[in-house]
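The values are calculated or read from the model by the stated rules, or taken from the named source; none is laboratory data. Everything quoted here is computed from the prediction, not taken from an experiment. We place every Cβ from the backbone using ideal geometry, glycine too, and count neighbours over all the protein chains shown. For the accessible areas, the whole protein counts, side chains as well, though only heavy atoms, and no ligand, DNA or RNA atoms are used. Shrake-Rupley method; radii C 1.70, N 1.55, O 1.52, S 1.80 Å.
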Amino acid sequence: MTDPKFFSDSTPVSLKQIAEWADAELVRGDPEATVSGVAPLDEGGEGMLVFIDNPKYAPQLQDVVATACLTPKKYLDRVPEGVAALLSKDPYRSLAKVLAKMYPEAMTPLRVLGGAEIHPKAVISDSAVLEGDVVVEAGAVIGDGVHVGAGSVIGPNVVIGAQCQVGRETRICANATLQHALIGDRVILHPGVAIGQDGFGFAMGPGGHLKVPQLGRVIIQNDVEVGANTTIDRGANRDTVIGEGTKIDNQVQIGHNVNVGRHCVIVSQVGISGSATLEDYVAIGGQTGVAGHIRIGMAAQVAAVSVVNDDLPGGGRYGGTPAKPVRQWFREMAALSRLAEKDGKN
């Protein structure tokens, strides 16, 4: 059985160029030496660039074999002789910049099929408008009145409902569905994303639950990325909005009327109930639940597996069930641990 490489090694790049891309300083090594790939510390080799950032992996530095290493100042003395040292304030961010230059094709999902830009097995409404250089792959369905911006790629079996708008250089991957949605430029929607379906709205009563028509839209601004199998419901009586630059992981549920600010980070399996508001730069760890109609302030951070059931002020770090300032949460956990230990000795 073959072992294919889906991304080929880069054309050799000089350490001088790597330092420039990485905003790093080459403090040891030949500026004209070259690297052609990137590897983890324990899988390096000649021609490889490695990096160290997490202290967990610092012991591996002494045995590393590589052409060069991106490192913060605190690990500089541990980089072995013979390995060029690139000093960076933030090696992981530096690595991201280098990877983007060396492997540009990995920055956005690749086409599944080559050939014609509009696959003959795609179904496109006569009233849809596709700007130049749009790719539509096999099995995609593009509805009445849809507008797709230049350079966008519509993957296999994608369904775009009537009147939706898709911006320029946007990637919509296989089996994603869009309805009642306005999508900005340079957005990435990974496989299986569902956007714009009904919000979960029912008027409950002893005689049965009456469905409440959901009349809003989903608005996704520029440079947003949405992970595989994430769902974003359309608004009920206002729009569901995802702010520019926000990154959403796989299997996240965002309810109707939710307003997510700019440059937020939402990790996998988070559930955000209807009409919640996340201000700009909020970060939420995986498997956290956010109650409806609450507000999380700007730049707040919520730890994984927490429950947010009340407003949280901006700028703080929170965790637990219910979510509270992390220092308070840690004190409570420590106190419970001491009580449990004491009780076990009685």
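Observations
- Any strands (runs of 3 or more DSSP E) falling wholly within the stretch 1-107 and containing at least 3 residues that are polar (S, T, N, Q): none
- Counting only strands (runs of 3 or more DSSP E) that fall entirely inside the stretch 153-271 and contain at least 3 residues that are among the aliphatic types (A, V, I, L, M), open to solvent by less than 70 Å² (accessible area, probe 1.4 Å) and without any contact (Cβ under 8 Å) to a residue 60 or more places away in the chain, the qualifying elements are 181-183, 218-220.
- Test: residue in the stretch 82-96 that is without any contact (Cβ under 8 Å) to a residue 40 or more places away in the chain, farther than 29 Å from R186 by Cα and out of contact with any Phe, Trp or Tyr (no Cβ under 7 Å at 6 or more places or on another chain): yes
- Some residue of the stretch 3-16 being more than 19 Å from A100 (Cβ to Cβ) and modelled with pLDDT under 95: yes
- Test: residue in the stretch 307-319 that is open to solvent by 70 Å² or more (accessible area, probe 1.4 Å) and touching a helix residue (DSSP H, G or I) at 6+ places or on another chain (Cβ under 8 Å): yes
- Number of positions in the stretch 36-67 that are open to solvent by less than 70 Å² (accessible area, probe 1.4 Å) and touching a Gly at 6+ places or on another chain (Cβ under 6 Å): 6
- Candidates are the residues of the stretch 133-152 that are within 16 Å of A176 (Cβ to Cβ) and part of a strand (DSSP E or B); the one that is most open to solvent (accessible area, probe 1.4 Å) is V141.
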